[in-house]
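What follows is a set of notes on a single structure, which appears directly below.
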Amino acid sequence: METENQYEVDIGHLLAFDPHHQFPSLPSSREELVEECVRKGTELVQAIAVSLFNLPSTEDVDGPLVKLPPPTTKLPREKHLPKPKPPTKWELFAKAKGIKKRKKDKVMWDEQTNNWKRRYGYDRVNDDEDIPIIEAKMTDEPGEDPFSRRKAEKKKRVDKQEKNRLQNLKQTAKAGALPSHIQLAATALPITGTQAAPKKVTKDELGNVAGLAATATASGGKFDKKLAGEKPVKKQGKHRKFLPVVEGSGMGRQEKEQTDKVLSKIISQNSHEILNLDKAVSKYTVKKEKNRKNQLGKPSTPSSKLKANSKPMKVKNKPNKKFVKGPKAGSSKKGGKAKSK
Amino acid sequence: MLSVKTPKKGRIKRELDKRAPKLVETGKKTLILQGTKTSSVLNSVLADLYHLKRDNAIRYTRKNDNIRPFESGGESSLEFFSQKTDCSIFVYGSTSKKRPNNIVIGRTYDHHIYDLVEVGVENFKPMSSFTYDKKVAPHIGSKPFIAFIGEGFESVDELKHLKEVLLDLLRGEVVENLNLIGLDRAYVCTAVSSNRVFLTHCAIRLKKSGTVVPRVELVEVGPSMDLVARRHRLPNESLRKEAMKTAKDRPKKKIKNVSADAVQGKVGKIYIPDQKIGDMALPDKSKGVKRERREAKMKNGDKDRAPKKQKEDSE
């Protein structure tokens, strides 16, 4: 007890430390060492107990309760300090304008039904559902349903609020102060040119792919061995669906529209080829020149070359042209020979 | 576009809230795991350690082949486990020819390695080898006393570091109020030489001494072992500074049903549940309360009950 002052006692951790102890000579046997340590430990624990039991205590059913002082030995935190939440846009606005939060009653007097009703939520005061008649006004447009307009307006307000909420949450996420149970996740594809968000393949999609693979045999997977735990293929049967070709009002018209669409697309792609002005002009001039040369009486090697080239260039000999860089006439001959065989 | 994802069940929300960073932390969970090779000694060290910290520890029993805490790249799966289990202290056991019976004790900050201490275990005596009166056996989760003995803990860098880590590992739950009757265990760590620490676990017996302070008696209950300091890695200064930050003001507890009034001062509201006097059961029904038989008879009449059969005399 007389050496108590030499110990460093931290009651917050129930810790005692004797920084001065030194073994004069290491005990020879293990038992002696253990005994010495336990004896010394008892002294230290006694020192903690002295300061602990002298703290003011409150009597409880289970025994005396003691309020521990904060520990003096600092230990590192487990996680960072929680970050403060940034104010929302409304909070900023309210602060700038000096708007204070008022306490409102949960229930209100409803004059339509003459009783108390909730301010918000189901069966609330001034509920749109409760209004049977809306008086017409001079400014009303004819042919517009005032009820559906009210509904649409309400939906717009709700959507706007949701948008604002998301924006505020984004700001909080940026500050790193998002509540632990909220996660923000990207839903739609990003704008083209930016990096695409990696999409996680769902269980369903994997199942579909596995089913497709299983049926991709000549027998449609009929004679394949089933693995243990393999589920029956999900998508079996018809995959293609054809619209009715009979002319009608609904589905019937769809088929025609579909084919029209395809046709118009093709036509619009090749529309510039219907009359290529440059081509027409050049053709015309070539013809004219040919005629002139013929009249002059010269053999027409270049013209024949032109003729030979104009045909294969369009369709068949395009790949040939790439591989063989020899004389064009020869290459075309080769192609012709191969075909004849 | 963004969408908000929130847990669908309350239990998950509560669990997530528990894992969120707190102003005042309540203690660290311990993850106990091992590498590809362990010895029987190490197995029992880890098992005993898990037993001591049973209330807030998680034991992984599978082999882990890609954990090398001191090497770069070898800590990634540790950090993942820390994230997954929400543990911020780990005890990793492995044995090799170079480092037999090796234990790495490390701490994490924000699920990243904060510091590491490597020790070798020698002269291990498991809990099962100790015999003592089972009455004094410590209870699970009780707050321990911790005693550090020896100047080595102050003069030698490695032991100084080991002391801090051991304190963090052994201290148990951080509490404000402590029940003095529940104190039943102590850890004694002695710096035997400049690289060797003797660690033992004792039960406490509180004996009457005539004063307020009882006389303390330690009974060794095990495990006990020698820890030989090997490698260690201190946190870098900036990280240490950040991790040591504490909240300036403690979070105020919301006081309900108490309001301040300028005239009356402090005003409290008391809610009394509706006393159902009508349906209250009386302790015993006295004669006056009981329904009398005669009355019931008058009420029901004798109509529905058949008259008693009279014995007919046959003549």
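There is no residue in region B:49-58 that is at positive phi, within 14 Å of chain A (Cβ to nearest Cβ) and surrounded by 13 or more Cβ atoms within 10 Å (Cβ to Cβ).
A single entry from B:165, B:104, B:136 fulfils the requirement of being on the phi < 0 side of the Ramachandran plot, touching a residue at least 40 places away in the same chain (Cβ under 8 Å), among the aliphatic types (A, V, I, L, M) and surrounded by 19 or more Cβ atoms within 10 Å (Cβ to Cβ): B:165. Just checking, does region B:56-75 include any residue being closer than 28 Å to residue B:144 by Cβ, assigned to a helix (DSSP H, G or I) and in contact (Cβ under 8 Å) with a residue 24 or more places away in the chain? There is at least one residue in region B:56-75 that is closer than 28 Å to residue B:144 by Cβ, assigned to a helix (DSSP H, G or I) and in contact (Cβ under 8 Å) with a residue 24 or more places away in the chain.
If you go through region B:245-272 and keep only what is within 14 Å of chain A (Cβ to nearest Cβ) and closer than 30 Å to residue A:73 by Cα, you end up with B:245, B:246, B:247, B:248, B:249, B:250, B:251.
Counting only residues that are touching a residue at least 24 places away in the same chain (Cβ under 8 Å) and either surrounded by fewer than 16 Cβ atoms within 10 Å (Cβ to Cβ) or over 29 Å from residue B:128 (Cβ atoms) (or both), region B:194-207 holds 2 of them.
Screening A:145, A:130, A:110 for residues that are farther than 30 Å from residue B:165 by Cα and loosely packed, with under 12 Cβ neighbours inside 10 Å leaves exactly one candidate, A:145. The numbered conditions (1) in contact (Cβ under 8 Å) with a residue 40 or more places away in the chain; (2) within 36 Å of the chain's Cα centre (by Cα) are all true for residue A:163 except (1).
A search for C-beta distances below 7 Å between a residue of region A:33-48 that is more than 8 Å from chain B (Cβ to nearest Cβ) and touching a residue at least 24 places away in the same chain (Cβ under 8 Å) and any residue that is outside any helix (DSSP H, G or I) and not aliphatic (A, V, I, L, M), counting only pairs 6+ apart in sequence or on different chains, returns A:47/A:7. Taking the conditions (1) within 12 Å of chain A (Cβ to nearest Cβ); (2) in a helix (DSSP H, G or I) in turn, residue B:78 satisfies each one other than (1).
Considering region A:160-179, and only residues there that are open to solvent by 80 Å² or more (accessible area, probe 1.4 Å) and within 14 Å of another protein chain (Cβ to nearest Cβ), the residue that is farthest from residue A:128 (Cα to Cα) turns out to be A:174. Only one of the listed residues (A:24, A:70, A:56) is open to solvent by 50 Å² or more (accessible area, probe 1.4 Å), more than 7 Å from every other protein chain (Cβ to nearest Cβ) and closer than 30 Å to residue B:19 by Cα. That residue is A:70. Could you list, in sequence order, the residues of region B:208-244 that are at pLDDT 90 or above, within 11 Å of chain A (Cβ to nearest Cβ) and open to solvent by 60 Å² or more (accessible area, probe 1.4 Å)? Hits for region B:208-244 are B:215, B:240, B:241, B:242. Filter region B:139-162 down to residues that are aliphatic (A, V, I, L, M) and at positive phi, then give me how many there are. Residues flagged as aliphatic (A, V, I, L, M) and at positive phi within region B:139-162 amount to 0.
Checked against the criterion of being within 21 Å of the chain's Cα centre (by Cα), hydroxyl-bearing (Ser, Thr, Tyr) and under 26 Å from residue A:10 (Cα atoms), the candidates B:60, B:114, B:109, B:92 yield just one match: B:109. Report yes if residue A:295 is at pLDDT 80 or above and either of a type in the set (Lys, Arg) or part of a helix (DSSP H, G or I) (or both), otherwise no. Considered against the rule, which asks whether it is at pLDDT 80 or above and either of a type in the set (Lys, Arg) or part of a helix (DSSP H, G or I) (or both), residue A:295 comes out as yes. Just one of the listed residues (A:69, A:87) is in contact (Cβ under 8 Å) with a residue 24 or more places away in the chain and either in a loop (DSSP other than H, G, I, E, B) or not β-branched (Val, Ile, Thr) (or both), namely A:69.
Exactly one residue out of B:154, B:173, B:158 is touching a residue at least 24 places away in the same chain (Cβ under 8 Å), open to solvent by 10 Å² or more (accessible area, probe 1.4 Å) and part of a helix (DSSP H, G or I), and it is B:158. In the set (1) touching a residue at least 40 places away in the same chain (Cβ under 8 Å); (2) facing chain B (nearest Cβ under 7 Å); (3) among the hydroxyl-bearing types (Ser, Thr, Tyr), the condition left unmet by residue A:7 is number (2). Going by the conditions given, is residue B:54 of a type in the set (Lys, Arg), at pLDDT below 95 and more than 26 Å from the chain's Cα centre (by Cα)? Spelling it out, it is not the case that residue B:54 is of a type in the set (Lys, Arg), at pLDDT below 95 and more than 26 Å from the chain's Cα centre (by Cα). Residues in region B:176-191 that are of a type in the set (A, V, I, L, M) and at the interface with another protein chain (Cβ under 7 Å from one of its Cβ atoms): B:178, B:180, B:181, B:186, B:188.
The set of residues in region B:127-171 being among the charged types (D, E, K, R), within 12 Å of chain A (Cβ to nearest Cβ) and over 23 Å from the mean Cα position of the chain (by Cα) consists of B:151, B:154, B:160.
A residue that is closer than 30 Å to residue B:26 by Cα, part of a loop (DSSP other than H, G, I, E, B), open to solvent by 100 Å² or more (accessible area, probe 1.4 Å) and at pLDDT 85 or above occurs nowhere in region B:265-281.
Screening the candidates A:86, A:76, A:64, A:19 for the property of being more than 9 Å from chain B (Cβ to nearest Cβ) and either farther than 20 Å from residue B:153 by Cα or open to solvent by less than 40 Å² (accessible area, probe 1.4 Å) (or both) yields one hit, A:86. Give the residues of region B:122-133 that are surrounded by fewer than 16 Cβ atoms within 10 Å (Cβ to Cβ) and within 22 Å of residue A:42 (Cβ to Cβ), sorted by residue number. Within region B:122-133, B:123, B:129, B:131, B:132, B:133 meet the criteria. Checking each residue in region B:1-52 for being closer than 26 Å to residue B:245 by Cβ, part of a loop (DSSP other than H, G, I, E, B) and either basic (Lys, Arg) or in contact with an Asp or Glu (Cβ under 7 Å, 6 or more places away or on another chain) (or both) picks out B:22, B:25, B:26, B:27, B:28, B:29.
The values are calculated or read from the model by the stated rules, or taken from the named source; none is laboratory data. All values reported here derive from a predicted model rather than from experimental measurement. With ideal geometry, Cβ positions are generated from the backbone for all residues, glycine too; neighbour counts draw on all protein chains shown. For the accessible areas, the whole protein counts, side chains as well, though only heavy atoms, and no ligand, DNA or RNA atoms are used. Shrake-Rupley method; radii C 1.70, N 1.55, O 1.52, S 1.80 Å.
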